[in-house]
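The values are calculated or read from the model by the stated rules, or taken from the named source; none is laboratory data. These figures come from a predicted structure and were not determined experimentally. Cβ atoms come from the backbone with ideal geometry, glycine included; neighbour counts cover every protein chain shown. SASA here: full protein model, heavy atoms, side chains in, ligands and nucleic acids out. Shrake-Rupley method; radii C 1.70, N 1.55, O 1.52, S 1.80 Å.
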Amino acid sequence: MDNKFKEIVLENSDTIVQKWLDEIDAAKNGNYSVSISDELFESTNREFVNIIFSSIKDQGETKNLKEFAEKLINLGWQVSYITDGLQVFRRVTIDFILSQSDQIDTKYISELLQSVDGWVEPVIRQFVNEYSGNWENIVSLQRVALQELSAPLIPVIDNITVMPLIGTIDTERAKLIMEELLEGVIKHNSEVVLIDITGVPVVDTMVAHHIIQAAEAVRLIGATCILVGIRPEIAQTIVNLGIDLGKFPTKSSLRKGFIKALEITGRRIVDSGKKDDAMEELIDSLGGE
Amino acid sequence: MTMDLQSCVTIEKEWDIVKARQLGREVAQKAGFGTVDQARIATAISELARNIYLYTDGGKLCFEIIDNVEQKGISMLSVDNGPGIEDISQVMEDGYSTSGGLGAGLPGVKRLVDQFDIQSEKGKGTEIRAVKWVR
Ligand SMILES: Nc1ncnc2c1ncn2[C@@H]1O[C@H](COP(=O)(O)OP(=O)(O)OP(=O)(O)O)[C@@H](O)[C@H]1O
Ligand SMILES: [Mg+2]
């Protein structure tokens with residue numbers, strides 16, 4: 001039976017393709033991105049339907065599918081374009097074959113459904129594979145990118161280094177922070193390191209513990225750690241948790257921490273007489289190079 | 001008394017802790033908590049979720065808004081089928097930890113919320129309910 005259905009479909013491919021294109025086109029307005037040009041939409045639809053037909057012809061072999069999927073992913077089209085398209089194809093094809101058949105009983109219909117599902121299934125499976133493979137790829141790339149961002153160390157001026165932390169800290173990242181911190185202190189010959197936690201959303205006992213340990217380790221190699229950027233709500237939760245940060249200096253802002261760091265390294269900001277805030281000026285001159 | 005549909009997060013991987021915090025924060029926002037209390041709630045959730053992650057094979061955290069005539073608040077329920085806690089008064093002491101941590105988690109949660117109940121049976125698991133009221 002399957003071969004007979006296939007024959008009908010392949011012989012009438014022009015009609016079926018046209019019906020399919022009409023339906024897809026009607027669905028476009030409601031569903032897909034408005035920014036897609038008509039030409040692009042049409043040529044993509046043609047390409048898509050060719051892939052479906054070549055897959056039916058070659059028993060599920062899908063030659064150009066990979067390339068096509070890559071193109072869709074790059075265009076940013078959602079996987080629903082594929083699944084909707086195949087759903088429409090299924091409906092159009094079943095309708096067409098039924099309209100060409102004279103003897104229709106339940107057995108016939110059940111065989112027809114089975115055949116058409118059998119054609120559509122490999123195409124769906126491979127598209128989903130392509131799409132999800134691509135997602136995994138993106139996720140792992142983003143992981144690498146995030147890791148590079150996760151513990152940046154900025155040697156601001158001689159002997160003073162800043163580590164601005166942004167985002168959630170998990171165990172892996174906490175370890176990385178510790179390593180980078182110690183390496184950086186040695187490499188940049190820092191006397192003071194400012195850890196800025198303005199961008200850390202939650203400081204729980206785990207995060208606090210790692211920060212305390214890091215500060216302790218920094219102290220052991222002869223430098224001082226100052227914790228800065230403690231937002232008011234974070235300060236309150238740290239107190240509620242009963243965490244003692246008394247052993248090392250904390251400052252509410254990076255700016256205050258920086259002034260403290262200058263003090264520790266035997267420097268201070270000299271007001272050159274102008275009205276402008278001396279710190280502001282210093283920061284400006286830092287960026288001016 | 002009316003209650004919203006409960007929302008839960010299963011804790012198995014470390015990043016589930018972040019998921020639980022996010023969901024809890026959403027619920028807390030909906031209940032009308034301010035920034036400081038939201039931070040307290042997120043931190044309490046973080047502690048409970050991390051304990052599940054560290055000391056059990058898995059469990060879940062469930063949140064719901066409590067809205068009765070007198071007051072509005074959030075209920076945080078932590079349930080696991082882990083080894084259980086034998087001496088509850090011991091784990092509620094500041095500084096007690098079997099994992100080299102600060103041992104500030106559970107006593108800290110108790111201070112972060114308004115109501116704190118812990119029930120545990122050795123070999124069966126632990127259930128902790130924490131409630132915070134909107135002020
Ligand atoms: N859900 C649980 N099931 C079994 N044991 C638990 C559970 N939660 C906590 N415990 C035990 O209670 C101890 C104290 O927990 P608590 O959260 O107060 O401190 P901690 O996790 O050791 O350190 P931290 O300060 O980082 O939270 C833990 O070390 C652990 O032995
Ligand atoms: Mg804990």
Exactly one condition in (1) within 16 Å of ligand 2 (Cβ to nearest atom); (2) farther than 26 Å from residue A:236 by Cβ; (3) of a type in the set (A, V, I, L, M, F, W, C) is false for residue B:69; which is it? (1)
Could you look through segment A:229-244, keep only residues that are within 7 Å of another protein chain (Cβ to nearest Cβ) and within 29 Å of the chain's Cα centre (by Cα), and pick out the one that is surrounded by the fewest Cβ atoms within 10 Å (Cβ to Cβ)? A:233
Kindly indicate whether residue B:75 is more than 11 Å from ligand 1 (Cβ to nearest atom) and of a type in the set (Ser, Thr, Tyr). yes
Filter segment B:90-106 down to the residues that are within 14 Å of residue A:242 (Cβ to Cβ) and surrounded by fewer than 19 Cβ atoms within 10 Å (Cβ to Cβ), then identify the one that is nearest to ligand 2 (Cβ to nearest atom). B:101
Exactly one condition in (1) over 26 Å from residue B:22 (Cα atoms); (2) surrounded by 18 or more Cβ atoms within 10 Å (Cβ to Cβ); (3) of a type outside the set (A, V, I, L, M) is false for residue A:179; which is it? (2)
Within segment B:42-66, of all residues that are within 12 Å of ligand 2 (Cβ to nearest atom) and charged (D, E, K, R), the one surrounded by the most Cβ atoms within 10 Å (Cβ to Cβ) is B:47
Answer with yes or no whether residue B:21 is in contact with a Leu (Cβ under 9 Å, 6 or more places away or on another chain) and facing another protein chain (nearest Cβ under 8 Å). no
Given segment B:1-112, what helices (runs of 4 or more DSSP H) lie entirely inside it while holding 3 or more residues that are in contact (Cβ under 8 Å) with a residue 60 or more places away in the chain? B:35-55, B:105-112
So residue B:110 fits all but one of (1) more than 13 Å from ligand 1 (Cβ to nearest atom); (2) modelled with pLDDT of 95 or more; (3) surrounded by 13 or more Cβ atoms within 10 Å (Cβ to Cβ); what number is the exception? (1)
For the condition acidic (Asp, Glu) and within 16 Å of ligand 1 (Cβ to nearest atom), what is the one hit in B:64, B:127? B:127
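Hey, among A:84, A:105, A:38, A:95, which residue is over 32 Å from the mean Cα position of the chain (by Cα), farther than 14 Å from residue A:5 by Cα and open to solvent by 30 Å² or more (accessible area, probe 1.4 Å)?
Selected residue: A:105, the only one of A:84, A:105, A:38, A:95 that is over 32 Å from the mean Cα position of the chain (by Cα), farther than 14 Å from residue A:5 by Cα and open to solvent by 30 Å² or more (accessible area, probe 1.4 Å).
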Looking at the structure I just gave you, is residue A:45 of a type in the set (S, T, N, Q) and at pLDDT below 90? no
Residue pairs, Cβ under 8 Å, 6 or more apart or interchain, first in segment B:121-135 and part of a loop (DSSP other than H, G, I, E, B), second among the hydrophobic types (A, V, I, L, M, F, W, C). List them. B:122/B:85; B:134/B:31; B:134/B:33
Filter segment A:195-210 down to residues that are hydrophobic (A, V, I, L, M, F, W, C) and away from ligand 2 (no atom under 16 Å from the Cβ) and give me whichever is nearest to residue B:105 (Cα to Cα). A:200
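Yes/no matrix, rows are residues, columns are (1) within 14 Å of chain B (Cβ to nearest Cβ); (2) surrounded by fewer than 17 Cβ atoms within 10 Å (Cβ to Cβ); (3) in contact (Cβ under 8 Å) with a residue 12 or more places away in the chain:
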residue: A:149; (1), (2), (3): no, yes, yes
residue: A:163; (1), (2), (3): no, no, yes
residue: A:174; (1), (2), (3): yes, no, yes
residue: A:194; (1), (2), (3): no, no, yes
